[in-house]
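The structure appears below as structure tokens.
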Amino acid sequence: MESSRRTFIGTSLGVGLGAGFGFPSSLDQALPTVAAVALGLKEGVSKDSSFDPWVEVHRQNLHHNVQEISRRAGSKPILAVVKNNGYGMGVTNAARLLDPRSEIFGFAVVKFQEAMSLRDAGIRKPILLLGPFDEKNLGDAVARGIMPMVYTPLGPALDKIAAKTQRPIPLHICVDTGIGRVGVPYYQAARLIRDLAGRRSVQIQGTMMTFTEDPDFDKEQVQRFADTCSTLEKEGISLGRKHAASSFALFQHPDFFLDMVRPGMAIYGVYSENEFRHTAIMDLRPAISLKARVAYVKKLRKGDSAGYNRAYMAKEEVWVATLPTGHADGWPRNAAKGAKVRINGTLYPVIASVSASHCIVEIGGEERVRIGDTATFFDWQEGSRPEDVSEACGVSVYDLTMHLNPLLPRKILQA
Ligand SMILES: Cc1ncc(COP(=O)(O)O)c(C=O)c1O
């Protein structure tokens, strides 16, 4: 009979290590860590502990979400936002999986380094750099075919680079219609855009804005953008593809998909607002999950405490499981305020406090969980979707995915 990881640990405990080392049975709980090391050594030198948290990427769900977005957007091209490490999935993982799809026009990132890493990873589709850059970065980006998002008077710098490459530089212009973050203010946009459009060094391939996602003010933003664009287009200036729609707008502003949509979160299968989940507008399936193995299981006696500051006090005998995952891994501190973790098909509440590398879940009156069992912090199943965690403890789904430690291993599920 083939032994699974769990039965191996069980066997080691009972017969090998437990008996061999002569520990009393009450200390058996402490032994599986030793067993786990032995397990790793069996196959050579281990790099990670198999207990450590890992991130799973669900390829088929990702593809499903792209189809859903494309259907919703009436087959308009999708500029996939893969910033912040591909929303936790790994920026190159996300781009490589999305790249072959015809619905995907290209990719948008914020960090210069991410844009470069996509080219290094062999991505050939257009890449739009949403974040800031200096003149040297600009030259390097242009050399790798990365389009800058421009909103300041960069004309002279663009002239200099184009003089060297002898080619106009494709770029997108960002207009600030009220988000107040980056972008040329809409009432000054015409001047900047006329200047850039008038240069032989510049090829305007796109013009964009970002919604504040305040339903009433969004209408005002639409008006500001539309007025700005139509003034310039009447002058014969080509603005390239116009785009504004993030995940929120995919749900809320079907009349403003323009020439291309620009979602992030929806691609990863997560509803950016919980209320969208209860509509039939798009069927999104989470393509990212966080898992780890139970590190330790023990019974607390009545009056025993758990967590820093004794955040949890056992009112009666209770089994708890320690998971080797904490806020340094991206599992938020607030998870202790109501989030649940799935182990062997049952959801257990996070208790006490989430520390940097650990959290604790309450199992109940019986020892229903074993060391080595897989714990799912969030995945694609109802009850443990990122939106469920968000609803339970008030953490934004953006924080859940984007704060995942980039050092955690990413496993791409092929099925
Ligand atoms: C400029 C811009 N466009 C699009 C997006 C995608 O947003 P979402 O993930 O909500 O779809 C973002 C992300 O915040 C963004 O900053």
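The values are calculated or read from the model by the stated rules, or taken from the named source; none is laboratory data. These numbers were taken from a predicted model, which means no experiment stands behind them. Virtual Cβ from ideal backbone geometry, glycine too; neighbours counted across all protein chains shown. For accessibility, only protein heavy atoms count, side chains too; no ligands or nucleic acids. Shrake-Rupley method; radii C 1.70, N 1.55, O 1.52, S 1.80 Å.
Below is a table of values for the structure above.
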item: G345 vs. criteria farther than 21 Å from L300 by Cα, of a type outside the set (S, T, Y) and over 24 Å from the mean Cα position of the chain (by Cα); result: yes
item: Residue check, T210 more than 20 Å from the chain's Cα centre (by Cα), assigned to a loop (DSSP other than H, G, I, E, B) and closer than 19 Å to I69 by Cβ; result: no
item: Residue check for R241: out of contact with any helix residue (DSSP H, G or I) (no Cβ under 6 Å at 6 or more places or on another chain) and either more than 22 Å from A392 (Cα to Cα) or not β-branched (V, I, T) (or both); result: yes
item: Residues being within 15 Å of the ligand (Cβ to nearest atom) and either over 18 Å from V81 (Cβ atoms) or open to solvent by less than 50 Å² (accessible area, probe 1.4 Å) (or both) - total across the range 143-152; result: 4
item: Filter result for E316 (modelled with pLDDT under 95 and either part of a strand (DSSP E or B) or over 25 Å from A94 (Cβ atoms) (or both)); result: no
item: D214 being charged (D, E, K, R) and either in contact with a His (Cβ under 8 Å, 6 or more places away or on another chain) or open to solvent by 30 Å² or more (accessible area, probe 1.4 Å) (or both); result: yes
item: Selected residue (only one of G155, G90 is open to solvent by less than 60 Å² (accessible area, probe 1.4 Å), over 21 Å from V261 (Cα atoms) and either within 14 Å of the ligand (Cβ to nearest atom) or touching a residue at least 60 places away in the same chain (Cβ under 8 Å) (or both)); result: G90
item: In the range 96-142, residue most open to solvent (accessible area, probe 1.4 Å) [restricted to those that are of a type in the set (S, T, N, Q) and assigned to a helix (DSSP H, G or I)]; result: Q113
item: Residue in the range 134-149 that is free of Cβ contacts under 8 Å to residues at least 60 places away in the same chain, within 20 Å of C229 (Cα to Cα) and of a type in the set (V, I, T) present; result: no
item: Helices (runs of 4 or more DSSP H) contained entirely in the range 31-91, each with at least 2 residues that are modelled with pLDDT under 95 and in contact with a helix residue (DSSP H, G or I) (Cβ under 8 Å, 6 or more places away or on another chain); result: 32-42
item: Sole residue being more than 13 Å from the ligand (Cβ to nearest atom) and under 16 Å from L79 (Cα atoms), chosen from F256, F217, F225; result: F256
item: Test: residue in the range 174-181 that is buried (at least 19 other Cβ atoms within 10 Å of the Cβ), polar (S, T, N, Q) and touching a residue at least 24 places away in the same chain (Cβ under 8 Å); result: yes
item: Cβ pairs under 8 Å, 6+ apart, first in the range 46-72 and touching a residue at least 12 places away in the same chain (Cβ under 8 Å) and farther than 19 Å from Q381 by Cα, second open to solvent by 30 Å² or more (accessible area, probe 1.4 Å) and in a helix (DSSP H, G or I); result: S50/R5; R72/P254
item: Any hit, the range 70-87, residues being open to solvent by less than 40 Å² (accessible area, probe 1.4 Å), away from the ligand (no atom under 16 Å from the Cβ) and not hydrophobic (A, V, I, L, M, F, W, C); result: no
item: Residues within the range 359-415 that are surrounded by fewer than 20 Cβ atoms within 10 Å (Cβ to Cβ), closer than 23 Å to E317 by Cβ and touching a residue at least 60 places away in the same chain (Cβ under 8 Å), tallied; result: 3
item: L232 out of contact with any Ser or Thr (no Cβ under 6 Å at 6 or more places or on another chain), open to solvent by less than 10 Å² (accessible area, probe 1.4 Å) and farther than 25 Å from G74 by Cα; result: yes
item: Within the range 93-109, tally of residues that are within 13 Å of the ligand (Cβ to nearest atom) and over 19 Å from G206 (Cα atoms); result: 1
item: Number of the condition not met by A321 [criteria: (1) buried (at least 23 other Cβ atoms within 10 Å of the Cβ); (2) within 16 Å of the ligand (Cβ to nearest atom)]; result: (2)
item: Condition check for G383: of a type outside the set (A, V, I, L, M, F, W, C) and at positive phi; result: yes
item: Every pair of residues 6+ apart whose Cβ atoms lie under 6 Å, when the first sits in the range 209-226 and is among the β-branched types (V, I, T) while the second is within 15 Å of the ligand (Cβ to nearest atom); result: T210/I179; T212/G178; T212/I179; V222/F256
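Listed here are the residues, each with its yes/no results for (1) open to solvent by less than 20 Å² (accessible area, probe 1.4 Å); (2) closer than 28 Å to R342 by Cα; (3) part of a strand (DSSP E or B).
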| position | (1), (2), (3) |
| --- | --- |
| L239 | yes, no, no |
| K242 | no, no, yes |
| F251 | yes, no, no |
| D255 | no, no, no |
| L258 | no, no, no |
| G303 | no, yes, no |
